[in-house]
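The values are calculated or read from the model by the stated rules, or taken from the named source; none is laboratory data. The model shown is predicted, which means the values in this text are computed figures rather than measured ones. Cβ atoms come from the backbone with ideal geometry, glycine included; neighbour counts cover every protein chain shown. Remember, those area values only see protein heavy atoms, side chains included, never the ligands or the DNA or RNA. Shrake-Rupley method; radii C 1.70, N 1.55, O 1.52, S 1.80 Å.
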Amino acid sequence: MLSLENVDSYYGGSHILHGISLAVREGEVVCLLGRNGAGKTTTILTVMGYLHPRRGTIRFKERDIGGLPPYAVARLGVGFVPQERGIFPSLSVRENLTVFARNARSGYWTLQRVFDLFPGLQARERNLGFQLSGGEQQMLSIARALMLDPVLLLLDEPSEGLAPMIVKEIVDVLKHLRGKGMAILLVEQNLRVALAVADRHHVMNKGEICFTGGSEELENSESVLRSYLSV
Amino acid sequence: MELLVAQLLNGLVYGVLLFFMAAGLSLIFGLMNVVNLAHGSFFMLGAFIGFSIFHLTGSFWLALVLAPIPVVMIGIVMELWFLRPLYARGHMDQVLLTFGFTFVFYDLVQTVWGKVVLTLPTPASLQSTVHIGLGVFSAYRLFLIGFGFAVALLLWLLLERSRLGAMVRAGVDNAGMAAGLGANIPALFTGVFGFGVLLAALGGVVAGPVLGLYPGMDTDILIPAFIVIVIGGMGSLRGAFVGSLLIGIADTFGKAYLQNVALFLIYLAMIIVLLIRPQGLFGIKYADAPPSALARTIMPSTPRTRALALIALLALIALPFGLADYPRALIAEIFIFAIFAMSLDLILGFTGLMSLGHAAFFGLGAYSVAVLGAQFGLNAWLGLVAGVLIAAAGAGLIGFFCVRSGGIPFLMLTLAFSQLVFSVALKWRDVTGGSDGMPLAMQPSFFGFSLSHSLVMYFMTLVFFVAVYLGLRRLINAPLGHAFIGIRENEARMAAIGYPTRAYKLLAFTIAGAIAGLAGGLYVIYNGFISSDAVYWTASGDILIMTMLGGAGTLIGPPIGAAAFLLMKNVVSSYSEHWLSIIGVAFICCVLFFPGGIWGAVQKLQPAGAKP
Amino acid sequence: MNVLELDHLHCAFGKLVVTDDVCLTIGEGERHVIIGPNGAGKTSLINQIGGQLKPAAGRILVSGQDVTGKPPSHISRKGVARTFQRNNLFQNLSVIENLRLALAVAFGNPLDVFSMAARDQALIGRARQLLQLTHLDGEEKCIVRTLSYGGQRQLEIAMALASEPKLLLLDEPTSGMSPAETARMVELIAALPRSLSMLMIEHDMSVVFSIADRITVLHYGKILVTDAPAAIQANERVREIYLGMAH
Ligand SMILES: Nc1ncnc2c1ncn2[C@@H]1O[C@H](COP(=O)(O)OP(=O)(O)OP(=O)(O)O)[C@@H](O)[C@H]1O
Ligand SMILES: [Mg+2]
């Protein structure tokens, strides 16, 4: 579904990503791990089209999307949950969910379905975005991405600031989505979440991928855990 | 009774015209959060182009359909090439840019259509009168009201029933995120801007047979339209509609029955609404707007900057000896306006509050000197001291109400209060001479030298300029100045670490008012004359422009801006009759090529002192 | 004397009750952690104590003095300092300028118009100490917006400590941090003087249990239970509504 080949990406003048290659297939959860500043968020932003790769190719559904602007990438069926959540503060919860949902009627995800998923949001339906608690904003951001009915979901630290109970729910949701054939690229600091949902892990360091493997492999490679994740 | 109904009808007609303006502004300013001072120009252009099309084709209806087309095209070009790069830069640059455009459009209209008042005849089919119940009414006016209501309904269907409004607000809140959800925000904004321009142009054409056509009709409709959307609620179509009709009717009745206080009442109403409901009657209280892009860290002086300042001072001392009387006088005026601009910068650039009423304090100082001299024979220097104190007291009082709010409500509150001061200056003719003005009774001497000598005047103003400059520099570098800057940067955090921020803002406002009063007093001594024009809101606008032109948030910027502005105005106007266009283009270029004002751009060239 | 006393506190946004009859006391030197589901009203509670939000009823006592409904600047001068859930700093100023602003109001004369703020050696000395304490030495001249996210979180704490408060309110100090940064932050907080009382909100259980003397669980604005960490861990209700563990 999504594949990156030897992608180099720059932030202004500084070279951040060095030859990143990875692939996410249908019904698969791939997780990016690594210290702060390792280039995880940059990878996601590059896929979304906020940054354009200087070298290498990004393919999505067999199409080269390397030069497309974010809105075009989103319209191809990519859902995006940014690290800072990106809630529209002056829109209500309901408006946040529906404002850019193009196929809210035809698709699987409807207001009712996302409210079932996050009952806390339904109670706040009419509240403006800036009035939400930190955790509620996080839930809203995930719900909003789902409302676009994406086939690929990019999640940047979805568990940040959420109560343990909700984190568990999100893990269940991600598993459920994977079961429905969605492809998911996940950035996560919470190792427990990563191990619970991901089929494959890429550990990043200084803009390069330095480890690739399944959950068991990762758990067993003490050295990777210690030197790149400090656990 | 019949008269009353006729007045009501006239009020509705004016209200509908306001609505065409306000609805567009509500989209552009309320929703897109772009301050477009050129919106009145689109109204004016629509009217004049409609006039020409009518004279070419003889058909009003053709004019109504065709005239908006070129206007919308101009609007779209302006949005694409000029405004788009400014969305992220905050209101200041937008004000400066669109202000520049109003000059260009004004000059264009004046050149093509002349300065005389033109009228567009009523279309033949609507020249008749209609009898309904209470009296005889012009068919055109009835048509106009019907047309306005129909457009309002259409807009309502388009906006409130679709997600368009929410999309634009989302784009304003976080354009990057909106793009990540599949929205093509640039295209959306261009469309909405063009639509707003269309409404203004349509309004201009239908206004033709009712209002006269003259260069200057742009500001005459722009200010009431701004008042409408602030009272009605930013970004609320319902607010724009109700507000337009309210203001239209109130204005018409006020002018008919309460000539003297009509102006007063509108501004008083605005103040009351803003104090009770800062978001306007129908507005929703949104999250605070993101902080402006004014990003300057505190720059302490270094030996190098001190040496440069000394050289500049020596140059200013040597300069007048090589100049004739007129340039000396012009530079003296620049010094006075430099003081005025620096005082505004204390609240605008350093405390982060944009005021459109600063001329009120300039006026208080000026009138104190003139009136106390005329009534009590007080020496002008003592009058100056009194003027500074009165201006400070006025600023303290007005500031007390204004500093509760921030952002656009603050801007409109200061505007309204200063217009109240203006109304007093205008209407209290016995004392102030109203728009005819009053002379300074007796020019004082400066340490025994006569101020009628241009060299003495030059050095007198220079002394005050240097004193204010040094004083403000001290203030800015002292803990108090840093506290002001902290409030500009993050008021909530300042409160959380223990600063009573409202009191600090009031203090800044009062100090700025006092210094503006000083400038005003000096101006009377310099000019020997003061009239109510000096307190009109356009005077506040000019000083705002000077400050931003030079670079708000710097100390040297405002004097540079004042110099650039006054030199352009006085020098260019003596060489070219298109001086307005030249100034306008200069503003536009300044915004595009010198972000942060002239001095702001110069500062950026220097290696920043505090980079990691 | 108790540093903080909340006495039957109530607060609501419209119909939504976010603080419902909350009574809580924090003794001198106590490290108290509030946990609870998202939207339970934890931040709202801290906002009331800090003065950002006005309670509808009840009283807030700081060292026995009533500060209910007072503005943030007043409460700050009573010895209460706070950090924010999302970084809330002077983004365009340097690290040291941020601290100087906080120090000037506590120890300097912020109304002074004569001295040069940047030359106040006493304040700069204090600022350097704070930077050392929060592992930010070396970042002194850095413009905050260019500081790493974790660095900004640390600066949040330094800003709060600047006024030498009696009570420190921390709203999710480790949110958004990597495990390594979290570990450093926990170490930093644990090393603060024991005389400083703390009220902290946190979702990361390992952080909670390594810092808390006592824990309060908030649920729909109500206090579900206040107890020692071990008792909280064993509490069935808490496991059910917050930790989400199987019974
Ligand atoms: N200004 C406001 N207007 C209306 N409702 C609000 C406002 N601020 C907060 N709320 C609501 O009050 C509830 C409590 O919010 P609060 O921020 O205190 O939660 P919290 O416990 O800190 O949650 P989290 O762990 O997610 O940060 C939330 O449901 C939130 O939506
Ligand atoms: Mg919270």
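Assess whether A:ARG85 counts as being among the basic types (Lys, Arg), surrounded by 23 or more Cβ atoms within 10 Å (Cβ to Cβ) and more than 14 Å from chain C (Cβ to nearest Cβ).
In short, no.
Sort out which residues of the stretch C:55-89 are free of Cβ contacts under 8 Å to residues at least 40 places away in the same chain and within 13 Å of ligand 1 (Cβ to nearest atom), and write them in order of number.
Hit for the stretch C:55-89 is C:ARG86, nothing else.
Got a number for residues in the stretch C:1-21 being within 15 Å of ligand 2 (Cβ to nearest atom) and either in contact (Cβ under 8 Å) with a residue 60 or more places away in the chain or surrounded by 21 or more Cβ atoms within 10 Å (Cβ to Cβ) (or both)?
Of the residues in the stretch C:1-21, 3 are within 15 Å of ligand 2 (Cβ to nearest atom) and either in contact (Cβ under 8 Å) with a residue 60 or more places away in the chain or surrounded by 21 or more Cβ atoms within 10 Å (Cβ to Cβ) (or both).
Taking the residues in the stretch C:70-82 that are among the small types (Gly, Ala, Ser) and crowded, with 23+ Cβ neighbours inside 10 Å as candidates, determine which candidate is farthest from the other protein chains (Cβ to nearest Cβ).
C:ALA81
Per-residue answers, yes or no, for (1) part of a loop (DSSP other than H, G, I, E, B); (2) touching a strand residue (DSSP E or B) at 6+ places or on another chain (Cβ under 6 Å); (3) farther than 20 Å from A:ILE20 by Cα:
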residue: A:GLY135; (1), (2), (3): no, no, yes
residue: A:MET139; (1), (2), (3): no, no, yes
residue: A:ALA143; (1), (2), (3): no, no, yes
residue: A:LEU153; (1), (2), (3): no, yes, no
residue: A:GLY161; (1), (2), (3): yes, no, yes
residue: A:VAL171; (1), (2), (3): no, no, yes
residue: A:HIS176; (1), (2), (3): no, no, yes
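Take the residues in the stretch C:190-206 that are within 14 Å of chain A (Cβ to nearest Cβ) and away from ligand 2 (no atom under 15 Å from the Cβ); name whichever of them is surrounded by the most Cβ atoms within 10 Å (Cβ to Cβ).
C:MET205
Look at the stretch C:176-205 and say how many of its residues are away from ligand 1 (no atom under 16 Å from the Cβ), in a helix (DSSP H, G or I) and touching a residue at least 24 places away in the same chain (Cβ under 8 Å).
Residues flagged as away from ligand 1 (no atom under 16 Å from the Cβ), in a helix (DSSP H, G or I) and touching a residue at least 24 places away in the same chain (Cβ under 8 Å) within the stretch C:176-205 amount to 7.
This table checks each residue for (1) free of Cβ contacts under 8 Å to residues at least 60 places away in the same chain; (2) more than 16 Å from ligand 2 (Cβ to nearest atom).
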{"site": "A:SER106", "(1), (2)": "yes, yes"}
{"site": "A:ARG126", "(1), (2)": "yes, yes"}
{"site": "A:VAL167", "(1), (2)": "yes, no"}
{"site": "A:LEU174", "(1), (2)": "no, yes"}
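Which condition number does A:LEU155 fail, the rest of (1) more than 9 Å from chain C (Cβ to nearest Cβ); (2) within 16 Å of ligand 2 (Cβ to nearest atom) being met?
The failed condition is (2).
Could you list, in sequence order, the residues of the stretch A:97-122 that are part of a helix (DSSP H, G or I) and at the interface with another protein chain (Cβ under 8 Å from one of its Cβ atoms)?
A:THR98, A:GLY120
Taking the conditions exactly as written (touching a strand residue (DSSP E or B) at 6+ places or on another chain (Cβ under 6 Å), closer than 30 Å to A:SER159 by Cβ and more than 14 Å from chain A (Cβ to nearest Cβ)), does C:GLY36 satisfy them or not?
Details: touching a strand residue (DSSP E or B) at 6+ places or on another chain (Cβ under 6 Å): yes; closer than 30 Å to A:SER159 by Cβ: yes; more than 14 Å from chain A (Cβ to nearest Cβ): no.
Considered against the rule, which asks whether it is touching a strand residue (DSSP E or B) at 6+ places or on another chain (Cβ under 6 Å), closer than 30 Å to A:SER159 by Cβ and more than 14 Å from chain A (Cβ to nearest Cβ), C:GLY36 comes out as no.
Could you please let me know if A:ASP149 is among the charged types (D, E, K, R), touching a residue at least 60 places away in the same chain (Cβ under 8 Å) and at positive phi? Please lay out each step first, then the result.
On the way: among the charged types (D, E, K, R): yes; touching a residue at least 60 places away in the same chain (Cβ under 8 Å): yes; at positive phi: yes.
Yes, satisfied.
Taking only pairs six or more apart or across chains, which ones have beta-carbon atoms under 9 Å, a first residue in the stretch C:207-226 that is at positive phi, and a second residue that is within 16 Å of ligand 2 (Cβ to nearest atom) and not hydrophobic (A, V, I, L, M, F, W, C)?
Final answer for the pair search is C:TYR220/C:GLY36; C:TYR220/C:PRO37; C:TYR220/C:GLY39; C:TYR220/C:GLY41; C:GLY221/C:THR19; C:GLY221/C:GLY41; C:GLY221/C:SER44.
Can you say whether B:GLY196 is small (Gly, Ala, Ser), part of a helix (DSSP H, G or I), open to solvent by less than 40 Å² (accessible area, probe 1.4 Å) and more than 14 Å from chain A (Cβ to nearest Cβ), as far as the supplied structure shows?
Details: small (Gly, Ala, Ser): yes; part of a helix (DSSP H, G or I): yes; open to solvent by less than 40 Å² (accessible area, probe 1.4 Å): yes; more than 14 Å from chain A (Cβ to nearest Cβ): yes.
Answer is yes for this residue.
Would you pick out the residues in the stretch C:158-175 that are part of a loop (DSSP other than H, G, I, E, B), of a type in the set (D, E, K, R) and crowded, with 22+ Cβ neighbours inside 10 Å?
Listed by number, the list holds a single entry, C:GLU172.
For C:SER178, which of the numbered conditions (1) more than 10 Å from chain A (Cβ to nearest Cβ); (2) over 15 Å from the mean Cα position of the chain (by Cα); (3) open to solvent by less than 10 Å² (accessible area, probe 1.4 Å) fails to hold?
(1)
Looking only at the stretch B:115-130, which residues are open to solvent by 60 Å² or more (accessible area, probe 1.4 Å), in contact with a strand residue (DSSP E or B) (Cβ under 9 Å, 6 or more places away or on another chain) and at pLDDT below 90? Break it down into steps so the answer makes sense when it comes.
Looking only at the stretch B:115-130, we keep the residues that are open to solvent by 60 Å² or more (accessible area, probe 1.4 Å), and these are B:115-117, B:119, B:124-125, B:127-129.
Of the ones still in play, those that are also in contact with a strand residue (DSSP E or B) (Cβ under 9 Å, 6 or more places away or on another chain) are B:117, B:119, B:127-129.
Correct list: B:THR119, B:GLN127, B:SER128, B:THR129.
Give the residue that is farthest from ligand 2 (Cβ to nearest atom), with candidates limited to residues of the stretch C:67-87 that are over 21 Å from C:PRO110 (Cα atoms) and of a type in the set (S, T, N, Q). Explain how you work it out, then say what you get.
Let us first name the residues in the stretch C:67-87 that are over 21 Å from C:PRO110 (Cα atoms), namely C:67-69, C:83-87.
Remaining after also requiring of a type in the set (S, T, N, Q): C:68, C:83, C:85, C:87.
Working: C:THR68: 21, C:THR83: 12, C:GLN85: 5, C:ASN87: 14 Å.
Among them, the one singled out is C:THR68.
Look at the stretch B:448-462 and say how many of its residues are among the hydroxyl-bearing types (Ser, Thr, Tyr) and more than 15 Å from B:PRO327 (Cβ to Cβ).
Adding up the residues that qualify gives 2.
Return only the number of the condition from (1) within 14 Å of chain A (Cβ to nearest Cβ); (2) closer than 24 Å to C:ARG86 by Cβ; (3) more than 7 Å from ligand 1 (Cβ to nearest atom) that C:VAL18 does not satisfy.
Checking C:VAL18 against (1) within 14 Å of chain A (Cβ to nearest Cβ); (2) closer than 24 Å to C:ARG86 by Cβ; (3) more than 7 Å from ligand 1 (Cβ to nearest atom), the one that fails is (3).
C:LEU103 - would you say it is among the hydrophobic types (A, V, I, L, M, F, W, C) and open to solvent by 10 Å² or more (accessible area, probe 1.4 Å)?
Numbers: among the hydrophobic types (A, V, I, L, M, F, W, C): yes; open to solvent by 10 Å² or more (accessible area, probe 1.4 Å): no.
Criteria not met by C:LEU103.
If you go through the stretch C:30-46 one residue at a time, how many are within 14 Å of the chain's Cα centre (by Cα) and within 7 Å of ligand 1 (Cβ to nearest atom)?
Matching residues across the stretch C:30-46 total 4.
Go through the stretch B:34-59 and give me each residue that's within 16 Å of the chain's Cα centre (by Cα) and open to solvent by 10 Å² or more (accessible area, probe 1.4 Å).
Passing the criteria: B:VAL35, B:LEU37.
Going by the structure shown, is B:LEU566 surrounded by 21 or more Cβ atoms within 10 Å (Cβ to Cβ) and in contact (Cβ under 8 Å) with a residue 60 or more places away in the chain?
no
Would you please name the residue that is nearest to the chain's Cα centre (by Cα), looking only at residues in the stretch C:83-109 that are among the aromatic types (Phe, Trp, Tyr) and facing chain B (nearest Cβ under 9 Å)?
Taking the candidates together, the pick is C:PHE84.
What residue, of B:VAL112, B:VAL104, is of a type in the set (Val, Ile, Thr), in contact with a helix residue (DSSP H, G or I) (Cβ under 8 Å, 6 or more places away or on another chain), crowded, with 16+ Cβ neighbours inside 10 Å and in contact (Cβ under 8 Å) with a residue 24 or more places away in the chain?
Just a single option satisfies the conditions, and that option is B:VAL104.
Looking only at the stretch C:133-156, decide whether some residue is within 16 Å of ligand 2 (Cβ to nearest atom) and either part of a helix (DSSP H, G or I) or assigned by TED's automatic domain parsing to the domain that holds C:ASN2 (or both).
yes
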